Amino acid sequence: MCDTHVLITSVKEIEYRDTGDKVGWERWHKAAIDESAQQIWGAERWLRAADRFHRRDGREVVLPLAHERKYHRISVSLGGCGKVYIRWGDLGNGFVHVFDEYSLTEAFRELDTITDFVAYLTATESLFEGGVRPVFSGSGAEDLLAMYVQNGETFGIVKQDGSTPDTVIITEDIWKTLV
């Protein structure tokens with residue numbers, strides 16, 4: 001938790017097996033991302049009904065008031081090793097951030113405080129809620145992060161009048177160029 005922000009994270013490590021067609025990707029995606037999202041939504045349902053809980057070490061955690069909470073859903077999907085296209089966004093029950101081993105490392109390297117990380121999650125969700133659908137063309141979440149680092153919460157695509165495109169194609173190596 002960070003103030004009223006509740007971060008729900010699920011980590012799955014599933015080895016990607018390249019079958020030479022989309023079947024391998026579909027199997028990996030289901031096991032690494034879809035199952036992670038289901039676990040996150042289950043945890044969120046439970047948290048929405050609670051006002052406090054006890055950790056395994058016995059400490060009590062008091063949640064922010066229910067009407068003030070802002071949930072951030074994060075799937076850390078390991079095992080794709082940069083070989084797999086990662087689908088993210090609204091996966092059925094709300095926005096889910098999906099990070100692989102590379103994008104998570106870069107996000108934590110750049111956003112090294114919880115406040116910075118939550119600000120990035122919030123900006124990404126706002127972009128999506130505004131109707132913008134990023135399409136990754138050979139790139140990953142780290143390239144969207146580069147756009148955020150360079151331009152702030154507008155990602156460089158929100159115009160001064162507040163208008164946005166429906167779709168933004170994000171090409172690869174934006175992060176590598178920034179670094």
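The values are calculated or read from the model by the stated rules, or taken from the named source; none is laboratory data. In this text, all values refer to a predicted model and were calculated from it rather than measured experimentally. Virtual Cβ from ideal backbone geometry, glycine too; neighbours counted across all protein chains shown. In case anyone asks, the SASA skips ligands and DNA or RNA and just uses the protein heavy atoms, side chains included. Shrake-Rupley method; radii C 1.70, N 1.55, O 1.52, S 1.80 Å.
Across the chain, Cα pairs under 8 Å and at least six residues apart give a relative contact order of 20 percent. The sum of -39500 (n - 2.57) across all DSSP H runs of n ≥ 4, divided by the residue count of the chain, sets its helix-only mean residue ellipticity at 222 nm to -10500 deg cm²/dmol.
Just going by the charge dipole of the chain, with Lys and Arg at +1 and Asp and Glu at -1 on Cβ, which of Val118, Gly140, Trp28 is farthest out on the positive end? Looking along the dipole axis, the top candidate is Trp28.
Membrane-span-like helices in the chain, defined purely by DSSP H runs whose alpha carbon atoms cover 18 Å or more axially and whose average Kyte-Doolittle hydropathy reaches 0.0, are 114-129. Taking packing as the residue-averaged number of other Cβ atoms within 10 angstrom, the listed peptides 135-146, 36-47, 157-168 run from highest to lowest as 135-146, 36-47, 157-168. Assuming R0 = 35 Å, can you tell me the calculated FRET efficiency for the pair Lys70 and Lys22, based on Cβ-Cβ distance, to the nearest 0.05? E between Lys70 and Lys22, to the nearest 0.05, is 0.50. For the pair region 134-168 / region 50-79, the C-alpha centres are spaced 29 Å from each other.
How would you classify the chain from its alpha-carbon gyration tensor, with a ≥ b ≥ c the square roots of the eigenvalues: rounded for a/c under 1.5, else prolate if a/b is greater than b/c, otherwise oblate? Taking the square roots of the gyration eigenvalues as a ≥ b ≥ c, the chain is oblate. Annotation: per residue accessible area for region 1-115 equals 60 Å², rounded to a whole number [probe 1.4 Å, protein chains only]. Apolar share of the accessible surface for the chain: 48 percent from carbon plus sulfur atoms, 1.4 Å probe.
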